[in-house]
Amino acid sequence: MGTPPPTHFDLSKSWVEKNCASGSVADLEPAREVVGPPRTMGGTLEAIEPVLDQTRGAKHATFSNYIYGPVQRNLEGASLTSLKQARVASRGVAVITNDNCHLPDFGMIRFPGMSDHGTIPQYLHQGYLPRLKKVSGTLGVISFGWSSNNYFHFLTEAIPKLRLFAKAGVTYDKLYAPMSRPYHREMLALFGVDTKKVIPESYHAHVQADMVCVPNDQHPVREEETQFLFETAASLPWSKVKQEPRKLVYVSRGRMKLRNCLNEDEFMPKLERLGFERHFLETMSVREQIELFQQADVIMGPHGAGLANMVFAPPGAKVIELGTPYRPYDCFAELAAACGHSFYWHVAKPIEGNIDTEESNLWVDADNLIDFLHQHEIVVGPTAAPSGPDKTKRRQIAA
């Protein structure tokens with residue numbers, strides 16, 4: 001038989017204030033606001049307004065701000081919460097205290113009647129929880145929301161939490177983390193996690209430990225997190241961060257059903273003459289991807305999780321996202337800013353766009369793209385590569 005669901009909910013810091021004998025919060029880094037200039041845009045700009053005209057209300061305001069507004073990042077303070085005899089359950093994550101209180105700020109799972117307004121259907125848990133398994137010692141938690149099924153979220157939101165355990169002086173005996181995909185296991189191992197200690201995140205998991213330690217979710221990504229990712233990978237014995245010559249990397253989605261540049265074979269020869277190499281990241285191991293992006297001075301590709309690998313490029317790289325107004329999100333602009341990179345948004349003509357799903361394929365104006373690269377000095381001359389960044393530069397943390 002399973003376990004009854006939680007009986008009430010509260011935010012983690014509020015619960016700890018009321019139950020200080022059963023929990024504590026270590027505040028590790030302060031909150032701050034970082035504002036950067038609006039994105040540099042080019043391409044088929046006339047495609048923007050017809051798509052915005054299809055949006056209404058909050059969505060129209062949000063999309064307009066993504067496209068025309070500054071890159072504004074309100075960074076929550078970093079902290080680690082320790083909870084005695086707490087429980088962790090499911091994929092998407094529910095953290096439940098020893099008095100059966102659900103802490104919704106630690107995961108995306110919601111329970112009926114408890115902070116479930118606007119819940120994503122796949123994360124609404126109905127009925128009993130799985131049978132409880134008890135483990136001794138300290139259980140660390142790095143899972144959160146989309147990190148179980150999306151490379152971008154796993155790399156930029158789950159893996160960086162590892163640094164907060166060390167900063168708080170916490171050693172975990174077990175780690176609740178995504179393990180359902182090969183890149184989960186490989187990335188965890190590369191970042192020093194003993195995968196034998198991992199309790200895989202799953203819909204069937206429900207674990208209680210003597211102590212559960214949960215770093216808070218960090219979104220947008222902080223400079224400290226991109227620095228951790230870059231420096232950890234750069235310190236590996238096979239790192240190629242200082243290798244020459246530097247690369248111009250084009251990330252293809254040509255084998256994907258969505259956000260695929262349908263005329264990629266038309267414009268790739270022109271990019272190749274400028275020194276670009278086309279790569280299909282789904283055919284590469286995590287190590288191969290890290291090595292590739294460590295050598296990158298320029299990174300270009302359609303909106304997709306593979307662009308998250310910019311965190312492994314030395315600061316000062318140039319990142320060009322090929323996008324459409326159906327998906328103008330600022331996640332890669334924010335990530336580039338946190339990495340110390342320059343960001344450019346080149347608008348393609350959307351093909352088969354759907355404003356409800358915010359998806360489409362792309363048709364890139366090839367000549368316009370080449371002119372854009374020259375105009376912004378992303379490339380110099382027909383074959384010359386751009387001058388590279390200082391490969392030894394440390395990312396600067398904003399005050």
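The values are calculated or read from the model by the stated rules, or taken from the named source; none is laboratory data. Computed from a predicted structure; not experimentally measured. Ideal geometry is used to build each Cβ from the backbone, glycine not excepted, and the neighbour counts take in all protein chains shown. To get the accessible areas, we keep the full protein, side chains included, count just its heavy atoms, and leave off ligands, DNA and RNA. Shrake-Rupley method; radii C 1.70, N 1.55, O 1.52, S 1.80 Å.
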Check: Which value, in debye to the nearest 20, describes the size of the charge dipole of region 1-148 about its Cα centre when Lys and Arg Cβ atoms bear +1, Asp and Glu Cβ atoms bear -1, and nothing else is charged?
Finding: 620
Item checked: Inverse mean reciprocal Cα-Cα distance (Kirkwood Rh) of region 243-283, Å -> 11.1
Item checked: Hull-based mean projected area of region 230-360, where the convex hull spans the alpha carbons, in square nanometres -> 8.0
Next item on the list: Quick one: dipole size for region 242-351, taken about the Cα centre, charges +1 on Lys/Arg Cβ and -1 on Asp/Glu Cβ, in debye to the nearest 20.
Entry: 140
Notebook entry, point to check: With all pairs of different alpha carbon atoms counted, what Kirkwood hydrodynamic radius in Å does region 167-309 show?
Noted result: 17.9
Next item on the list: Run through the DSSP bridge list for region 83-188 and note the antiparallel percent, rounded to the nearest 5.
Entry: 55
Next item on the list: Note the full-extension length gain between Leu262 and Asn149 as 0.36 nm times their separation in residues minus their Cα-Cα distance, in nm to one decimal.
Entry: 38.1 nm
Next item on the list: Count the DSSP beta bridges whose two residues both fall in region 283-366, then state the antiparallel fraction as a percent rounded to the nearest 5.
Entry: 25
Item checked: Estimated Rh, the chain: Kirkwood, alpha-carbon pairs, angstrom -> 22.4
Check: Quick one: putting +1 on the C-beta of Lys and Arg, -1 on the C-beta of Asp and Glu, what dipole do you get for the chain around its Cα centre, in Debye to the nearest 20?
Finding: 1280
Check: From a point 7 Å beyond the Cα of Gln126 in the direction of its Cβ, which residues of region 71-107 have a backbone N at a distance under 20 Å?
Finding: 90-94
Check: Taking N as the number of residues in region 170-230, what is its alpha-carbon radius of gyration divided by 2.2 N^0.38 Å?
Finding: 1.24
Next item on the list: Sort the following peptides by mean Cβ neighbour count (other Cβ atoms within 10 Å, averaged over residues), highest first: 313-325, 71-83.
Entry: 313-325, 71-83
Check: In nanometres, what is the gap between the two model label sites at Glu186 and Val35, each 7 Å from Cα along Cα-to-Cβ?
Finding: 4.2
Check: Taking a threshold of 19 Å on the Cα-Cα distance, which of the pairs Lys161/Lys197; Lys59/Lys257; Lys174/Lys196; Lys318/Lys349; Lys161/Lys247; Lys18/Lys161 fall above it?
Finding: Lys59/Lys257; Lys318/Lys349; Lys161/Lys247; Lys18/Lys161
Margin query: Charges on Cβ only, +1 for Lys and Arg, -1 for Asp and Glu, centred on the Cα centroid of the chain; of Leu83, Pro215, Leu292, which one is farthest towards the dipole's positive end?
Written below: Leu83
Next item on the list: Among DSSP beta bridges whose residues both lie in the chain, state the antiparallel percentage, nearest 5.
Entry: 45
Next item on the list: Output the peptides 98-108, 355-365 sorted from most to least packed, where packing is the average of other Cβ atoms within 10 Å over each peptide's residues.
Entry: 98-108, 355-365
Notebook entry, point to check: Roughly how many Å is it from the Cα centre of region 16-35 to that of region 167-226, as a whole number?
Noted result: 19
Note to self: Leaving out ligands, DNA and RNA, and with a 1.4 Å probe, what % of the accessible surface on the chain is carbon or sulfur?
What the structure shows: 52
Item checked: Rounded accessible area per residue of the chain, 1.4 Å, Å² -> 42
Next item on the list: Report the normalised scattering of region 40-167 as log10 I(q)/I(0) at q = 0.09 Å⁻¹, calculated by the Debye formula with identical scatterers on the alpha carbons.
Entry: -0.41
Next item on the list: Beta carbons within 10 angstrom, averaged per residue: use that to sort the peptides 21-30, 227-236, highest first.
Entry: 227-236, 21-30
